[in-house]
Amino acid sequence: MELRWRKSSFSADTGACIEVAEGDDFVFLRESDDPEVIVRTTRRKLRAFLEGAKAGEFDDFV
């Protein structure tokens, strides 16, 4: 399966970004500077993570 990778326009050209792709029933994530390492998750799990991040649940990591 060929994936179409996308990244946020906010990441500019720094090379420090996460790219996202969709395929079948999964969402794929990778770091732009290490594209061979790919994380696969479901839409439901990614949505739950993003909602938690927006709510500040992970603010202590930075």
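The values are calculated or read from the model by the stated rules, or taken from the named source; none is laboratory data. Note that this is a predicted model, so its numbers are computed, not measured. So basically every Cβ, Gly included, is an ideal-geometry build from the backbone, and we count neighbours across all protein chains shown.
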Exercise. Out of the stretch 23-62, which residues are charged (D, E, K, R), under 27 Å from Met1 (Cβ atoms) and either without any contact (Cβ under 8 Å) to a residue 12 or more places away in the chain or in contact with a Lys or Arg (Cβ under 9 Å, 6 or more places away or on another chain) (or both)?
Worked result: Asp25, Asp34, Glu36, Arg44, Lys45, Arg47
Problem set entry | Extreme residue, surrounded by the most Cβ atoms within 10 Å (Cβ to Cβ), among residues of the stretch 43-62 that are outside any helix (DSSP H, G or I) and of a type in the set (A, V, I, L, M, F, W, C) | Phe58
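Among the residues of the stretch 6-42, which ones are assigned to a loop (DSSP other than H, G, I, E, B), surrounded by 14 or more Cβ atoms within 10 Å (Cβ to Cβ) and modelled with pLDDT of 95 or more?
Scanning the stretch 6-42 gives no hits.
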